[in-house]
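First the structure, in the form of structure tokens, and then the observations on it.
The values are calculated or read from the model by the stated rules, or taken from the named source; none is laboratory data. Quick caveat: nothing in here was measured; it's all calculated off a predicted structure. Note: ideal-geometry Cβ built from the backbone for every residue, glycine included; neighbour counts use all protein chains shown.
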Amino acid sequence: MKVVKNEGKKETKRTEKMKENGISETRDKSETKGKEPLFEIDPRSVYKCVQCGTCRSVCPVFDVVGWESANTRGRMLIIKSMLEGRPPSEDVLSSLASCTTCGICAVKCPAGANPPEVVEAARAQLVKCGVTTEAQDKLKAAITTSGNSFGETRNRLHWLSDTERSKLPEKSDYVYFVGCFDSYRYPEFAKKTFEVLQRFGVTLLPDEQCCASPLLRTGFRDDAEKIMEHNLEQIRKVGAHTVITGCAGCYTTLKNNYPGELRVISLPEFLAEHLEELNLKRLDLTVTYHDPCHLGRHNKVYDPPREVIQAICTLKEMKNIKENSRCCGGGGGVRIGYPDISLKLAKKRIEDVPEGVDYIVTSCPLCVRNLRDAAEDIEVIDIVELVAMALE
């Protein structure tokens, strides 16, 4: 199947429709940067795709956008065409940048392809060619200049008092990696998490920066390497062999992109391991649980958060769970780049919530943010908030 650019009225209608759904056409910057670098992606990872179309039935972005270029098969065909000599273009950029990298396509692929890895590699190639969106550039600038994805200038540990900061252990086997979201958007999550972890001798990094997940997901690999090296130096100074994090994006990055010398565990895993020591009380609540893509599908962490929840209250599962869980729409740079699509995906996920629950519980601050934007009649909370209720 040859991927070609639609012409005439078809292309005009297509562009208008994509704009309606939040996919904007962006000028190919490589036109002003001289000769483009060679487009290098392992062809074996691309040619695993046999174009069967299974992914079309599960791709969340295709579900709300409807264009072939906005589903996994379309993206894989576009990347294949670039391997065969097609230059990067506006259509290529908008197609690849709108993928949430949720990974449900990889779970369902009968040929064993891993499209999120291919898409991320292709994005990195587009960055080398100078082809990026304004949203990507803005995100990169924020992280590389301020050390966080929001461009915040406040101290990353502002949620602690000066006295509390002065008492932090300089050395520990365990360190809590807070992440950008909990540091600056949900400091109450950070404080509650650290209050629990302090019981076990966990400390904080003196100069934590963004884990680099946003840079890696959007193609800025060289910039990501510098940020990761900074964090690694911090972890080594503390002497920690185990890193604990409450953010699914930080978790998958620390676990899969940092050197294997570290033991990386998610907050739900740590909590599940220490349930007896926490002595949590039972609450008269019924909740449902949303599996974050980068904690669940990408890393198979399904049972620990459910063990924690069931130790506290009644769990009533959503319609689609675990490997079949719908993406909240916040990942892969889609929330910042295509907010309309992101919100539509979150609303689709809310449709899976069963009746008669008091809260939607999740274990990722980005999922909390996106689902809260979409949920009208039910409160969305982080798992650490549920734990804090059971500790009071």
Take the residues of region 126-153 that are surrounded by fewer than 19 Cβ atoms within 10 Å (Cβ to Cβ) and hydroxyl-bearing (Ser, Thr, Tyr): which is farthest from Ala97 (Cα to Cα)? Thr153
Residues satisfying the stated conditions in region 231-244, i.e. surrounded by fewer than 20 Cβ atoms within 10 Å (Cβ to Cβ) and under 21 Å from the mean Cα position of the chain (by Cα): Leu232
Would you say Pro365 is touching a residue at least 24 places away in the same chain (Cβ under 8 Å), within 16 Å of the chain's Cα centre (by Cα) and farther than 22 Å from Cys59 by Cα? yes
I need the full set of residues from region 195-234 which are farther than 30 Å from Thr132 by Cβ and not polar (S, T, N, Q), in order please. Glu195, Val196, Leu197, Arg199, Phe200, Gly201, Val202, Leu204, Pro206
Of all residues being among the hydroxyl-bearing types (Ser, Thr, Tyr) and within 22 Å of Gly333 (Cβ to Cβ) in region 154-201, which is surrounded by the fewest Cβ atoms within 10 Å (Cβ to Cβ)? Just the residue, please. Tyr184
Mind listing just one residue for me: the one in region 117-161 that is in contact with a Gly (Cβ under 8 Å, 6 or more places away or on another chain) and free of Cβ contacts under 8 Å to residues at least 40 places away in the same chain and, of those, nearest to Asp207 (Cα to Cα)? Thr145
Sort out which residues of region 352-373 are small (Gly, Ala, Ser) and crowded, with 22+ Cβ neighbours inside 10 Å, and write them in order of number. Ser363
So for region 32-43 (the condition being in contact with a Phe, Trp or Tyr (Cβ under 6 Å, 6 or more places away or on another chain), modelled with pLDDT of 55 or more and not polar (S, T, N, Q)), does at least one residue qualify? no
All but one of (1) within 20 Å of Phe150 (Cα to Cα); (2) at pLDDT 95 or above; (3) part of a helix (DSSP H, G or I) hold for Gln209; state the number of the condition that does not hold. (3)
Of all helices (runs of 4 or more DSSP H) fully inside region 256-351, the set with 1 or more residues that are buried (at least 20 other Cβ atoms within 10 Å of the Cβ) is 267-273, 303-312, 334-337, 339-350
Among the residues that make up region 148-171, is at least one of them within 20 Å of the chain's Cα centre (by Cα) and among the polar types (S, T, N, Q)? yes
Just give me the residues in region 227-266 being under 25 Å from Ala142 (Cβ atoms), in contact with a strand residue (DSSP E or B) (Cβ under 7 Å, 6 or more places away or on another chain) and free of Cβ contacts under 8 Å to residues at least 24 places away in the same chain, in sequence order. Val264
Members of region 111-123 found to be surrounded by fewer than 18 Cβ atoms within 10 Å (Cβ to Cβ) and either in contact with a helix residue (DSSP H, G or I) (Cβ under 6 Å, 6 or more places away or on another chain) or within 20 Å of Cys210 (Cα to Cα) (or both), listed by number: Asn114
